[in-house]
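The values are calculated or read from the model by the stated rules, or taken from the named source; none is laboratory data. In this text the structure is predicted, and so the values were computed from the model without any measurement. Please note: Cβ atoms are built from the backbone with ideal geometry, for glycine as well, and neighbour counts cover all protein chains shown. Heavy atoms of the whole protein, side chains included, go into the accessibility calculation; ligands, DNA and RNA do not. Shrake-Rupley method; radii C 1.70, N 1.55, O 1.52, S 1.80 Å.
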Amino acid sequence: MSAKDDQIKILNYLYIRLNSGDKRYCTIPTIKKYTGLENNNQYILTLTDDLESSGLIITRQAYQMSGGRLFQITAAGFDAVQRGDIPVRADSAAWTGRFNLSEYQKSEIRRILREIRLVIESAKLSNAHTANAMALIESAEKLIETPDPLWPEIMRLLRSPTLAGVTGIAGLLMAIVQILMAAASS
């Protein structure tokens, strides 16, 4: 089986789940149990990251579970399964999270993160929201400085609902995604 086939299995399972009336989010163990996938959790996470990036599923952090994520199909994913036209793709670089970024590309991402900091500082947010948003950016900055940054983890931080609600950040995050896509295709 290929990664694309595995993504389709996951999407089909989430479709069946919602179509049968189960509107709850589900976990990786549930996905593994009902799809027959026996791969490790990181593999499932990277496949679901691609599905989420395509807008076919949504994920939520399950804070009561260590490293837990919850999954549910979106309306777009539901419609794609019904039509039999599932636009998924698997990127082997995403499985490992290792992209060969040049120092220039890393410096551009650092610059964008500084811009995001400025947007957060100038936004009219509560003190708690500002502190949480800044902590996410600080974490991303620290992870970028590691010898072999895990970009899916960094992007998970940057896709946080805490940041999504701040006006002016979406375009900056897309600039980071474009840099990563360019690195992945080279």
Q) Normalised by the residues of the chain, what does the relative contact order come to in percent, with Cα pairs under 8 Å and at least six apart? A) 20 percent
**Q.** Cut-off of 10 Å, at most 12 other beta carbons, DSSP loop: longest stretch of the chain lacking such trypsin sites (Lys or Arg not before Pro)
**A.** 25-88
**Q.** Count of Lys pairs (Cα-Cα under 20 Å; at least 8 positions apart or interchain) in the chain
**A.** 8
Q) Ordering 34, 13, 25 by how much accessible area each has at a 1.4 Å probe, largest first, what is the list? A) 34, 25, 13
(Q) With loop defined by DSSP as not H, G, I, E or B, and exposure as at most 14 other Cβ atoms within 10 Å, which is the longest segment of the chain clear of exposed GluC sites (Glu not before Pro)? (A) 39-144
Q) Using a 1.4 Å probe on the protein chains only, how many percent of the accessible area of the chain belongs to carbon and sulfur? A) 54 percent
